[in-house]
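All of the numbers you see were taken from the coordinates with simple rules; none came from a lab. Since the model is a prediction, treat every value here as computed from it, not as a measurement. Here the Cβ positions follow ideal geometry from the backbone for every residue, glycine too, while neighbour counts run over all protein chains shown.
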Amino acid sequence: LLQFEIKKPVSLSLQHCAVLNTKLLDPFLSEEVEYIDLMYCPLIKNSDVELIQKKCPKLKTLNLSGCIGLTAVQRGTITSSPLLFQNLKQLHIDNCLNLKSIRLQSPCFEELHARMNPMLTQVEVSSCITINDFVQDFPKL
């Protein structure tokens with residue numbers, strides 16, 4: 001009998017997917033994923049970012065631009081704390097119209113792209129050694 005090992009992807013790009021929700025996203029997430037692009041997926045919500053953080057410890061780049069379901073990138077809702085990404089280097093989170101807060105920790109963090117987020121009032125990036133690129137437009141800060 002032949003057995004085939006199905007490898008999980010290292011890169012995941014599901015842009016402009018109007019039906020992508022937690023149930024559909026979950027099977028794609030694994031320890032091997034280093035790059036995720038969920039640009040303009042309107043059903044992505046705060047808890048999905050926490051799920052990504054838990055299931056993808058090697059993640060280096062995360063693109064959540066245009067995800068209008070996001071209100072906060074952080075751990076928890078009532079008693080929030082920064083979300084720890086051990087290997088995250090880049091976060092692209094432009095044009096998230098309902099985003100109010102970004103709170104994350106990453107010792108490897110280098111780039112934050114957070115433009116056109118009219119509701120954003122809090123940005124906290126901690127534990128990083130250096131940030132090389134900080135593209136921002138925070139009208140409410």
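Calculated on the Cα set of the chain, radius of gyration then Dmax: 15.0, 62 Å. The C-alpha atoms of the chain define a longest principal axis, and helix 46-55 lies at about 50 degrees to it. Here region 63-78 is scanned for amide nitrogen atoms under 15 Å from the site 7 Å beyond the Cα of Glu111 along Cα-to-Cβ, giving 63-65.
Database remark: amide H of Glu124 closer than 5 angstrom to the amide H of Ile102, Arg103, Leu104 (H placed geometrically; neighbours at sequence offset of 5 or more, or on other chains; Pro and chain starts carry no H). Converting phi to 3J(HN,Hα) with the Karplus coefficients 6.51, -1.76 and 1.60 and the offset θ = phi - 60°, region 106-112 yields 6, x, 9, 4, 10, 9, 10 Hz in sequence order, with x at every glycine or proline. Of the residues Val49, Val19, Val73, which exhibits the maximal mean-square fluctuation in a Gaussian network model of the chain defined by a 10 Å Cα contact cut-off? Of the options given, Val19 has the highest mean-square fluctuation.
For Leu12, nonlocal amide neighbours, meaning residues 5 or more places apart or on other chains whose placed amide H falls under 5 Å from its own, are Tyr35, Ile36, Asp37.
Given the -39500 (n - 2.57) contribution per DSSP H run of 4+ residues, what per-residue ellipticity at 222 nm results for the chain, rounded to the nearest 500 deg cm²/dmol?
Working: 2 runs with 14 residues, N = 141.
Result for the chain, helices only: -2500 deg cm²/dmol.
Beta bridges assigned by DSSP with both partners in the chain are antiparallel in approximately 5 percent of cases.
Mean-square fluctuations from a GNM of the chain, with a 10 angstrom spring cutoff on Cα atoms, peak among Ser126, Ser80, Ser106 at Ser80. Taking Cα centre as origin and charging only the Cβ of basic (Lys, Arg, +1) and acidic (Asp, Glu, -1) residues, the dipole magnitude of the chain rounds to 320 debye. Once you order the gyration tensor axes a ≥ b ≥ c over the Cα atoms, which shape class does region 22-95 get: rounded for a/c under 1.5, otherwise prolate or oblate by comparing a/b with b/c? Judged from the Cα gyration tensor, region 22-95 comes out rounded (a/c under 1.5). What lysines sit close enough to Lys7 to cross-link, taking a C-alpha to C-alpha distance under 25 Å and skipping anything fewer than 8 places away on the same chain? The reachable lysines, counting only those whose Cα sits under 25 Å from Lys7, are Lys23, Lys54, Lys55, Lys58, Lys60, Lys89.
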